[in-house]
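One structure is given here, and the rest of the page talks about it.
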Amino acid sequence: MAATMTKAIEIVPTGGALGADIRGLDLSADIDDATFRAVYKAWNDHLVLRFRGQSLDDDRLVEFSRRFGDLDMAPIGAKDSPFSRQRPEIAVISNIVVEGKAIGGLGNSELVWHQDMSYNDLPPKASLLYGVETPPVGGETFFYNLYSAFETLPERLKARIQGLSCKHDATRNSSGQLRQGFEERYSNQDRPGAVHPLAVRHPESGRTSLYLGRRPNAWVVGLSDADSAALLDELWAHVESGPFVWAQEWRQGDLVIWDNRCTLHRRNTLDPSLRRLMHRTQVRDGARPVASA
Ligand code: OGA
Ligand code: MN
C-alpha cells in the first residue's frame, strides 16, 4: 500500500441547479493534496459544496478555508464590529443578542440576492459558512446558478449587456443597512462602489456568467437612471423567474462553500426567538472579474 492514500470521497449532487454534498470527509483531519484536488474539482463543477456533520473550531475552519486560497479579513460590520480580534479571518453571522449587544452581523432579517462584497474591486472568490448553532426552521440560504442565468437569457438581452458594466453599491449591506461612513443618498454617478462587467468569464471554468451583485442601488454605467433601471429590472426578473435555485436547510455542523464569482445567495427570514450562529471565512481573489469575450 502507498503511504499516502487518497480518501475516496463521495460527491452527491443536490439534484438542483447547483450544489453537491461531499460525503466521507472529516474536515478536522488532515486532507491530502489528491483528495483536496477532488474537492476543488467538485466545487468547480457544482459551484456550492456542503459538508455535513463536521466539528470545526475556528482554527480548523481557517485552515480548511486556506486550502482554497489566501483569506480576507472579516468585513466591517454595519454598526459595531462584532468580530473576533484573535481570529480576524472569522466573521460571526448571528441573530443572538447578549446583554443588549448583537454577537454577530446580519440579525434576523431576510437578505436580498447578492454576491459577497462585489462593491469592491477584488470581490472574494469564495465564502465559507459554518453552522455552529442552527434553528430548526427559517434562515435557509438560497443559492442561484449565474451560469444558467446567463445561458438562458434571451439573445436580445445577451447582446444588450455585451460590453456593459454595472456599478455595485458599497453603501449598504445585504439586509439594506447603511454601512459606516456613508451618506443616505447618492446620485448614480457619485455613489461609492466598484464597476464590473455584467457578463464575466470565470477564470477557472472559462464559462460565461451573469455578474449582478445586488439589485438595490445598482447602476449600469453610462445609461440614464431610467434606462439603467429598466435593463436591471429585466435582468433581475429573468433571475427571479428562473428555476436555477437550491435551498440550503441548515443543520448544526454543516460547512458550505460557494463560488462567489458565478452564484448569488440570499437568506430567508429568521424567527428572533430561535438562535442561529454561523462562523464565516472569505477567500481572496487575486484578479478583478473579467468581461466575457
Ligand atoms: C454571508 C451571507 C447568509 C446566511 O455570510 O455572506 O450572506 O444565510 N449569509 O447567513
Ligand atoms: Mn453574503
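The values are calculated or read from the model by the stated rules, or taken from the named source; none is laboratory data. Remember, it's a predicted structure, so these values are computed and weren't measured experimentally. Positions of Cβ are generated from backbone atoms using ideal geometry, with glycine treated the same way; all protein chains shown enter the neighbour counts. These area figures cover heavy atoms from the full protein model, side chains too; ligands, DNA and RNA do not enter into them. Shrake-Rupley method; radii C 1.70, N 1.55, O 1.52, S 1.80 Å.
Residue-wise test of (1) of a type in the set (G, A, S); (2) within 16 Å of ligand 2 (Cβ to nearest atom); (3) assigned by TED's automatic domain parsing to the domain that holds L27.
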residue	(1), (2), (3)
P124	no, yes, yes
Q162	no, no, no
G181	yes, no, no
S205	yes, no, no
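The residues of the range 131-143 that are more than 12 Å from ligand 2 (Cβ to nearest atom) and out of contact with any Gly (no Cβ under 8 Å at 6 or more places or on another chain), listed by number, are V132, E133, T134, P135, P136, V137, G138, G139, E140. Candidates G139, G176: the one that is within 16 Å of ligand 1 (Cβ to nearest atom), in a loop (DSSP other than H, G, I, E, B) and either closer than 14 Å to L264 by Cα or touching a strand residue (DSSP E or B) at 6+ places or on another chain (Cβ under 7 Å) (or both) is G139. Residues in the range 256-288 that are closer than 22 Å to K41 by Cβ, outside any strand (DSSP E or B) and either out of contact with any helix residue (DSSP H, G or I) (no Cβ under 9 Å at 6 or more places or on another chain) or open to solvent by 30 Å² or more (accessible area, probe 1.4 Å) (or both): N260, R284, D285, G286, A287. Taken together, G206, G181, G213 contain a single residue that is more than 20 Å from W258 (Cβ to Cβ) and not in a strand (DSSP E or B), which is G181.
I'd like to know if the range 227-242 contains one or more residues that are of a type in the set (S, T, N, Q) and assigned to a loop (DSSP other than H, G, I, E, B). Among the residues of the range 227-242, not one is of a type in the set (S, T, N, Q) and assigned to a loop (DSSP other than H, G, I, E, B), which makes the answer no.
Taken over the range 109-122, the criterion of being out of contact with any Gly (no Cβ under 7 Å at 6 or more places or on another chain) and either over 18 Å from Y144 (Cβ atoms) or within 11 Å of ligand 2 (Cβ to nearest atom) (or both) is satisfied by S109, L111, V112, W113, D116, M117, N120, D121, L122.
Note on the range 251-276: residues that are near ligand 1 (Cβ under 10 Å from one of its atoms) and under 18 Å from S65 (Cβ atoms) amount to 4. The residue that is surrounded by the most Cβ atoms within 10 Å (Cβ to Cβ), among those in the range 162-173 that are within 16 Å of ligand 1 (Cβ to nearest atom) and in a loop (DSSP other than H, G, I, E, B), is N173. Residues that are within 16 Å of ligand 2 (Cβ to nearest atom) and at pLDDT 90 or above were ranked within the range 92-108; the one that is farthest from R267 (Cα to Cα) is V92.
Among the residues of the range 109-127, those that are touching a strand residue (DSSP E or B) at 6+ places or on another chain (Cβ under 7 Å) and either among the hydroxyl-bearing types (S, T, Y) or open to solvent by less than 50 Å² (accessible area, probe 1.4 Å) (or both) comprise L111, W113, H114, Q115, D116, S118, Y119, P124, K125, A126, S127.
Scanning the range 128-161 for residues that are among the hydrophobic types (A, V, I, L, M, F, W, C) and either open to solvent by less than 10 Å² (accessible area, probe 1.4 Å) or touching a Ser or Thr at 6+ places or on another chain (Cβ under 6 Å) (or both) returns L128, F143, L146, A149, F150, L153, L157, I161.
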